[in-house]
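The values are calculated or read from the model by the stated rules, or taken from the named source; none is laboratory data. Bear in mind that the values here come from a model prediction, so they are computed numbers and not experimental data. Counting neighbours? That spans all protein chains shown, and the Cβs are built from the backbone with ideal geometry, glycine included.
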Amino acid sequence: SDTELGTYPHYMIKEINEQPQVMRKIIKEYQDDNGDFKIDDAIIKQLNDADRLYIIAAGTSYHAGLIGKEYIEKWAGVPTEVHVASEFVYNTPLLSEKPLFIFISQSGETADSRAVLVDIKEKGYPALTITNVVGSTLSREADQTLILHAGPEIAVASTKAYVAQIAVLSIVAAVTARELGKKSDLNLMSELGKVTTAITSVIDDASTIEEIVKNFLETTRNAFFIGRTMDYYVGLEGALKLKEISYIQAEGFAGGELKHGTIALIEDGTPVFSLITQEKVNLNTRGNAQEVAARGANVCTIAMEGLEQEGDSYIIPRVDEMLTPLVSVVVYQLISYYAALHRGNDVDKPRNLAKSVTVE
Ligand code: G6P
């Protein structure tokens with residue numbers, strides 16, 4: 001059944017391996033009879049009525065929200081903000097006239113997000129919850145719900161839910177764009193299909209990624225993740241994943257910010273993961289990687305096919321540039337998994353963490 005380990009040693013690796021099937025399920029669940037993407041009319045109405053979207057989330061779900069904002073703004077042209085729930089509730093920004101609140105939560109039970117939901121409902125604003133759990137608190141208390149269809153996620157470190165969140169957000173953005181009459185060259189349906197194949201190929205190549213862990217993370221106490229635009233957001237998630245289960249101190253930041261402080265931490269052998277999937281910032285991020293390499297950093301470059309250079313450590317298959325997070329994150333998930341495994345940590349139940357945090 002969905003909640004049994006089967007032949008896998010850990011839930012985390014099981015759930016990483018389930019990601020292609022989660023992608024296929026989402027593509028299927030969000031299709032109408034004509035084979036076009038659809039979402040409920042009531043949700044389309046919510047989106048059409050709003051002048052600004054406020055995405056509220058915590059942890060990994062917050063990182064998915066950062067990617068979702070890019071889709072909604074770039075494809076549908078609707079201004080979107082992404083906020084950490086625990087900050088928003090005590091430091092609410094100035095709101096637009098017609099806000100729509102979108103709660104992203106794997107469990108649908110996170111207390112920080114719920115506190116915002118209770119507050120905005122009292123003020124009479126509309127809410128949409130995107131969650132993996134049918135009937136969860138955030139789903140019941142919002143006006144509308146979109147389901148992630150990722151199946152039960154048992155490992156504390158979130159993997160397939162993040163990929164599902166990004167995929168569903170891409171569909172929401174594409175449908176909104178269509179409803180608003182925006183022209184687009186992107187065939188999201190077929191591009192998500194290519195993404196699914198690319199995720200499978202990264203998973204099949206897990207032994208190469210295990211080698212990366214041996215070369216870059218076996219003895220280190222810290223690690224850095226750099227990238228720009230989409231790759232910056234995935235770096236934040238890569239760093240969080242690594243912290244959560246390997247206990248290696250990790251930080252993700254924008255490649256351009258490196259020189260404004262963090263570079264002081266680079267020592268001989270410090271691992272720096274540099275993600276390259278966006279053509280327009282390829283050379284900028286590579287320049288940042290050179291700056292740290294010159295100071296002794298052990299740079300691991302993960303590049304997308306077509307943007308690679310000699311000496312890169314890992315090449316991910318080519319997919320649409322907006323959709324690369326769905327593939328590149330899988331490399332980081334596997335890096336974290338093997339780093340934790342090699343350190344003898346409890347991969348599925350890391351110390352001090354809970355799967356869902358129901359206190360503020
Ligand atoms: C906890 C989990 C994280 C998760 C966060 C938000 O801290 O350990 O993995 O990202 O909660 O959870 P949610 O269920 O709201 O997505």
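Residue-wise test of (1) basic (Lys, Arg); (2) more than 16 Å from the ligand (Cβ to nearest atom); (3) over 21 Å from TYR337 (Cα atoms).
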{"residue": "SER184", "(1), (2), (3)": "no, yes, yes"}
{"residue": "ILE209", "(1), (2), (3)": "no, yes, no"}
{"residue": "THR220", "(1), (2), (3)": "no, yes, no"}
{"residue": "ILE226", "(1), (2), (3)": "no, yes, no"}
{"residue": "GLY238", "(1), (2), (3)": "no, no, no"}
Checking VAL84, VAL78 in turn, the sole residue that is among the aliphatic types (A, V, I, L, M), in contact with a strand residue (DSSP E or B) (Cβ under 8 Å, 6 or more places away or on another chain) and within 13 Å of the ligand (Cβ to nearest atom) turns out to be VAL84
Residues of segment 198-218 being surrounded by fewer than 20 Cβ atoms within 10 Å (Cβ to Cβ) and in contact with a helix residue (DSSP H, G or I) (Cβ under 8 Å, 6 or more places away or on another chain), in sequence order, are THR200, ILE203, ALA206, GLU210, LYS214, GLU218
Find all pairs meeting these conditions: Cβ atoms under 6 angstrom apart; at least six residues apart or on different chains; first residue within segment 157-168 and closer than 13 Å to THR196 by Cα; second residue part of a loop (DSSP other than H, G, I, E, B) and more than 9 Å from the ligand (Cβ to nearest atom). LYS160/GLU18; LYS160/ALA150; ALA164/LEU148; ALA164/ALA150
Going by what's in this entry, would TYR54 be described as at pLDDT 95 or above, within 29 Å of VAL84 (Cα to Cα) and more than 18 Å from the chain's Cα centre (by Cα)? no
Tell me yes or no: at least one residue of segment 314-321 is at negative phi, in a helix (DSSP H, G or I) and surrounded by fewer than 20 Cβ atoms within 10 Å (Cβ to Cβ). yes
Could we say that ILE56 is closer than 18 Å to ILE147 by Cα and not aromatic (Phe, Trp, Tyr) here? yes
Hey, could you check segment 219-234 for residues that are in contact (Cβ under 8 Å) with a residue 60 or more places away in the chain and within 12 Å of the chain's Cα centre (by Cα) and say which is surrounded by the fewest Cβ atoms within 10 Å (Cβ to Cβ)? MET230
Which ones in segment 108-149 are β-branched (Val, Ile, Thr), within 19 Å of the chain's Cα centre (by Cα) and assigned to a loop (DSSP other than H, G, I, E, B)? THR110, VAL133
Return yes when SER336 is within 14 Å of the ligand (Cβ to nearest atom), more than 17 Å from THR285 (Cβ to Cβ) and over 16 Å from the mean Cα position of the chain (by Cα) and no when it is not. no
If ALA157 satisfies every condition in (1) within 13 Å of the ligand (Cβ to nearest atom); (2) closer than 13 Å to SER107 by Cβ but one, which is the exception? (2)
Only one of these is exposed (fewer than 15 other Cβ atoms within 10 Å of the Cβ) and touching a helix residue (DSSP H, G or I) at 6+ places or on another chain (Cβ under 9 Å): LYS194, LYS183, LYS160. Name it. LYS183
Residues of segment 44-59 satisfying the condition of being of a type in the set (Val, Ile, Thr) and crowded, with 19+ Cβ neighbours inside 10 Å: ILE55, ILE56
Does any residue in segment 54-79 that is within 18 Å of ILE44 (Cβ to Cβ) come within less than 7 Å, Cβ to Cβ, of a residue that is within 16 Å of the ligand (Cβ to nearest atom) and part of a helix (DSSP H, G or I) six or more places away or on a different chain, and which pairs are these? ILE55/GLY65; ILE55/GLY68; GLY68/ILE166; GLY68/LEU169; TYR71/LEU169
Could you check how many residues of segment 88-113 are of a type outside the set (Val, Ile, Thr), more than 9 Å from the ligand (Cβ to nearest atom) and crowded, with 24+ Cβ neighbours inside 10 Å? 2
Filter segment 41-55 for residues that are in contact with a Leu (Cβ under 8 Å, 6 or more places away or on another chain) and either under 20 Å from THR159 (Cα atoms) or not in a helix (DSSP H, G or I) (or both); which is nearest to the ligand (Cβ to nearest atom)? TYR54
Checking VAL133 against (1) closer than 30 Å to PHE253 by Cβ; (2) touching a Gly at 6+ places or on another chain (Cβ under 8 Å); (3) of a type outside the set (Phe, Trp, Tyr), which test does it fail? (1)
